[in-house]
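Q: Pasting in a structure now, in structure tokens, and then I'll have a few things to ask.
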Amino acid sequence: MSHDCRLHPYRLHPYRLGFAVKILGGGGLATSDTRRWGSGPHLSRSLELLDAAFDYLERIDARVYRIASSTIPYGTHPDLPELDYRRQIGECEEGLAALGEKATRLGLRLSTHPGQYTVLNAEDAELVRKSSLDLEQDALLLDALGQGAEAAVVVHVGGVYGDRAAALDRWARAYEALSERARGRIAVEHDETSFDVTDVLALHGRTGVRVVTTTTTIAAIPESSMCQRPWRRRPRPGATCGRRCTCRARAPSSVQSAAEGPRGCCRRSSTSTPTSSPRGTWPSSSAWRRVRST
């Protein structure tokens, strides 16, 4: 495993572990200004909280961290122009530069992950517009922090809306309409219910968008086309074959014969009976929570 020294000139690590947003250790630490709009929330307060959070990450040797979506409070709210994300970032240029330099010095890899209401492939054009603003905001925030290209804005594809091909096409067109800054920051991640790794790789092939993959999500879909290994085909204890299969209507993949059924499906037959995995086959709950970054 190798690292580009230009990404972290102060500190290099053979691997980096981390987590997202919420800090329970140290008695619990807030990481963003979550006050209501009438109480005067501002990015400057979030930066103060993140400064203390970064100190905690240093103490526990965590080097990967996802910044909260509320770091810039009400940054894209249409009725609060005084809190527009561009204005808040402009008012905090020095603080952002200092915090970003600290993140680099500590060897932190930062990212954001807009919430479930950021749906780039929505059928509603207004929702797409608002979702695009969320992505533009987070991309500008990472730029203002002076983070390298590895700092990403991670998003999911969104909803299927009854037509997978059309949903993927809408995502690609919305992505291509974003600014160059946002496109350079975004990484698309598969999920555990609707779009698997082959779907996001198809988006990469069309648009060049980066892809994020998580092994826990792949393992959560034993029927996924990426799960060809026998251990991944065994259902979890108490589960039944095909419970979460969302791809029964798809064409067979190139790595399966047509006789095996549609891509991604665990074919049932009248002579087969789903069986539970033996104790210990699947990782413990703590193992699922581990984050590995290269």
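Each value in this text was obtained by applying a stated rule to the coordinates, not by laboratory testing. Here the structure is a predicted model, which is why all the values come from computation and not from measurement. Using ideal geometry, Cβ is built from the backbone for each residue, glycine included, and neighbour counts are taken over all protein chains shown.
Q: Taking the Cα-to-Cβ direction at Arg86 and at Leu29 and moving 7 Å from each Cα, how far apart do the two end points lie in nm?
A: 3.3 nm
Q: Now for a separate question. How would you rank 132-140, 178-186, 42-50, highest first, on the average number of other Cβ atoms within 10 Å across their residues? Kindly include the intermediate steps, with their values, before the conclusion.
A: Numbers: 132-140: 22.3, 178-186: 17.2, 42-50: 19.8.
Listed from highest to lowest mean packing, they are 132-140, 42-50, 178-186.
Q: With a/c under 1.5 counting as rounded, go ahead and sort the stretch 1-152 into rounded, prolate or oblate using the C-alpha gyration tensor (a ≥ b ≥ c being the square roots of the eigenvalues; past the cut-off, prolate if a/b is larger than b/c, else oblate). Each step should come with its number before you reach the end.
A: Details: a/c = 1.81, a/b = 1.47, b/c = 1.23.
Cα axes put the stretch 1-152 in the prolate bin.
Q: Could you grab the relative contact order for the stretch 6-95? Cα pairs under 8 Å, six or more apart, rounded to a whole percent. Don't skip to the answer; put the middle values down first.
A: Values: 104 pairs, mean separation 27.7, N = 90.
Taking the mean separation of contacting Cα pairs over the length of the stretch 6-95, I get 31 percent.
Q: Taking 0.36 nm per intervening residue step and subtracting the Cα-Cα distance, what contour gain separates Ala97 from Ile60 on full extension? Could you put the intermediate results ahead of the total?
A: On the way: separation 37, 0.36 × 37 = 13.32 nm, distance 2.38 nm.
Gain on extension, Ala97 to Ile60, equals 10.9 nm.
Q: A further question follows. Take the Cβ-Cβ distance between Val21 and Leu127 as r, set R0 to 25 Å, and report the resulting FRET efficiency rounded to the nearest 0.05. Write out the running numbers ahead of the final one.
A: On the way: r = 23 Å, r/R0 = 0.94.
Here the calculated transfer efficiency is 0.60.
Q: Listed highest first by mean packing, meaning other Cβ atoms within 10 Å per residue, what order do 192-199, 18-25 come in? Before the final figure, lay out the partial values.
A: Values: 192-199: 19.4, 18-25: 14.2.
The densest-packed peptide leads the list: 192-199, 18-25.
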